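A short write-up of the structure that comes next.
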Amino acid sequence: MLRGIPFDSPLYEVDEDRGIEYRNCDAITGFFTIKNDISDLLPEGLKPYSEPAQGGIWISHYSFSTVGEYHEYITVIQVEDEQGGMGYYIPYIYVTNDSALAAGRELAGAPKKLATIDLIKENDVVMGYLERPTGKRLVTFVMKPNTRAAGDMIDFVLPKPTYLYSVRHLPPIKGKGGVTQLVKWYAEIDFHVDPNGEKVIFNGPGTVTYDSPSAIDPVHKVEIENLLTAIYFQFDMKLGFVDILREY
Amino acid sequence: MAVVYPSKEWMEELYKKVNSDEEYKKVAANWEGDYLCVVELDEEALKDFQNPKVLKGFLEMLDSIPKERREKFKGTVNEGLLVALGLSVDTDISTVDVDELAKKISEMDPKVVLEAAKGASLNMWLDFWHGELRNVAVAAPGEHEDAKFKLIGPYSVFKQLVMGKADAITLVVSGKLKLQGDMGYMMRNMAAVRKFTELMSSIPIES
């Protein structure tokens, strides 16, 4: 088991073989082309997968996981690593529970912060939002899941496994003990399948807005040029670790 | 100026539109590869063919295939379509009375025609290279099957795309259009795909 601290009552305990497991989750994801140069957001060893660069926003609710129930907001940039693998670098990620925050930061280097996140279904719309602090609206993502996403394309946007990259950083003290590593991990997403044998993935029109930019949480730095697709889906998931690709 | 879809004029307009767009040149600067669009005959196509202008556009597209290549229709479901419409591969399409044929189609039972021509399609080949549309042409059966991408779907769905009622990525994600080919390459070039379909849907269509 991978355990955090305190040693006698760790904030998280993760079975290294099974990873972090999730059940009965739902999420909205928007995949878009990026308007601005984001090279300064990427660590050495990763480059944009496309020109112009592409990225995404993910807002989810995990009704159960082995690090607890929580909501999550992620900004990703689609990248290629030095081995030619495609995946997503995470410059910004927010969660609503401390166990998920600690496990993500300490094990994968996911730069998680606590924030107010929700995923709401109202009328014909699904809305996800990120606020930090509560009331300071950083992102609103609305979409209308009106069409079954029955094509194969989602398997290329969110393949199984979907690789993720982040930089695990432990600052040195008096020049000693510092760690800065590029970590490759993965999300294995199992889309729910309905009684007709179809994956529970719906697409439809959507809009992402950076409502109120913040210098403290600059998620707006990944500027959206064109939203290519917006999907709502229900799923189970497993997160695990692939390798440390680089020591800086 | 509005043009009829499908027609040679529409293909020519598309060619001009893409090749004069600076943004397309930029976002598709790295693109190398062709598409074969397989537009499957459906009830909406037969309904549209009752309009002599649309029927004329369709027949002129077929007529753009030189006679020796038109031989490739023989023995295929596409020949079945021509036969169902009272034509043949050897028919001199320029002599067809379009008004009369459109009237005849309006009197046909679409289910019978579709059954006789099950799987028939109009195939269009589009060859893109570094920000340029080098060629757009009608393909005979079996031609350009090795295209980098194959986009397959019913006429009614392609019409939505052409008329700007839906975008290509949404139609592919929803499975209404099937895309075959190197998806990794496609993922790297979504901006080019999006811009191309935006240009295509900006051509005014005569109704």
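Miscellaneous remarks
- All strands (runs of 3 or more DSSP E) inside the stretch A:86-125 with 2 or more residues being in contact with a Ser or Thr (Cβ under 8 Å, 6 or more places away or on another chain) and open to solvent by less than 50 Å² (accessible area, probe 1.4 Å): A:86-95, A:116-122
- Scanning the stretch A:143-164 for residues that are within 17 Å of the chain's Cα centre (by Cα), in a strand (DSSP E or B) and aliphatic (A, V, I, L, M) gives a single hit, A:Leu164.
- B:Leu14, sole failed condition from (1) open to solvent by less than 30 Å² (accessible area, probe 1.4 Å); (2) at pLDDT below 95: (2)
- Residue in the stretch B:173-192 that is most open to solvent (accessible area, probe 1.4 Å), counting only those that are facing chain A (nearest Cβ under 9 Å), within 20 Å of B:Leu133 (Cβ to Cβ) and in a helix (DSSP H, G or I): B:Arg188
- Filtering the stretch B:113-126 to residues that are over 11 Å from B:Val18 (Cβ atoms) and touching a residue at least 60 places away in the same chain (Cβ under 8 Å) leaves B:Val113, B:Leu114, B:Ala117, B:Gly119, B:Ala120, B:Ser121, B:Leu122, B:Asn123, B:Met124, B:Trp125.
- Complete set of residues in the stretch A:176-203 that are in a loop (DSSP other than H, G, I, E, B) and either touching a His at 6+ places or on another chain (Cβ under 9 Å) or of a type in the set (Ser, Thr, Tyr) (or both): A:Gly178, A:Val200
- The one condition from (1) under 17 Å from A:Val167 (Cα atoms); (2) of a type in the set (D, E, K, R); (3) in contact (Cβ under 8 Å) with a residue 60 or more places away in the chain; (4) surrounded by 15 or more Cβ atoms within 10 Å (Cβ to Cβ) that A:Glu82 does not meet is (4).
- Taking the stretch A:150-160 as the range and being open to solvent by 40 Å² or more (accessible area, probe 1.4 Å) and away from chain B (no Cβ under 11 Å) as the test, only A:Lys160 passes.
- Residue that is surrounded by the fewest Cβ atoms within 10 Å (Cβ to Cβ) [pool: residues in the stretch B:150-172 that are within 12 Å of another protein chain (Cβ to nearest Cβ) and part of a strand (DSSP E or B)]: B:Ile152
- Among the residues here, B:Lys47 qualifies as at pLDDT 90 or above and over 27 Å from B:Gly181 (Cα atoms).
- Residue match in the stretch B:119-135 (condition: open to solvent by less than 10 Å² (accessible area, probe 1.4 Å), in a helix (DSSP H, G or I) and of a type in the set (A, V, I, L, M)): no
- Summed over the stretch A:161-174, the residues that are of a type in the set (S, T, N, Q) and more than 14 Å from chain B (Cβ to nearest Cβ) give a count of 1.
- For A:Arg18, the conditions (1) in contact (Cβ under 8 Å) with a residue 60 or more places away in the chain; (2) crowded, with 22+ Cβ neighbours inside 10 Å are fulfilled apart from (2).
- Leading residue by the ranking (modelled with the lowest pLDDT) among those in the stretch A:49-73 that are within 14 Å of chain B (Cβ to nearest Cβ) and out of contact with any strand residue (DSSP E or B) (no Cβ under 6 Å at 6 or more places or on another chain): A:Glu51
- Residue in the stretch A:21-32 that is of a type in the set (Gly, Ala, Ser), without any contact (Cβ under 8 Å) to a residue 60 or more places away in the chain and either within 30 Å of B:Ala192 (Cα to Cα) or surrounded by 14 or more Cβ atoms within 10 Å (Cβ to Cβ) (or both) present: no
- Where A:Val139 falls short, out of the listed (1) more than 14 Å from chain B (Cβ to nearest Cβ); (2) open to solvent by 20 Å² or more (accessible area, probe 1.4 Å); (3) in a strand (DSSP E or B): (2)
- Number of the exception - A:Gly177 against (1) under 27 Å from A:Leu41 (Cα atoms); (2) at pLDDT 95 or above; (3) away from chain B (no Cβ under 14 Å); (4) surrounded by fewer than 21 Cβ atoms within 10 Å (Cβ to Cβ): (2)
- Close pairs (8 angstrom Cβ cut-off, 6 or more residues apart or separate chains): closer than 16 Å to B:Ala45 by Cβ in the stretch B:72-100, assigned to a helix (DSSP H, G or I) and β-branched (Val, Ile, Thr) anywhere: B:Leu81/B:Val113; B:Ala84/B:Val112; B:Ala84/B:Val113; B:Leu85/B:Ile105; B:Leu85/B:Val113; B:Leu87/B:Ile93
The values are calculated or read from the model by the stated rules, or taken from the named source; none is laboratory data. Note that this is a predicted model, so its numbers are computed, not measured. Ideal geometry is used to build each Cβ from the backbone, glycine not excepted, and the neighbour counts take in all protein chains shown. Surface accessibility is based on the protein's heavy atoms, side chains included, excluding ligands, DNA and RNA. Shrake-Rupley method; radii C 1.70, N 1.55, O 1.52, S 1.80 Å.
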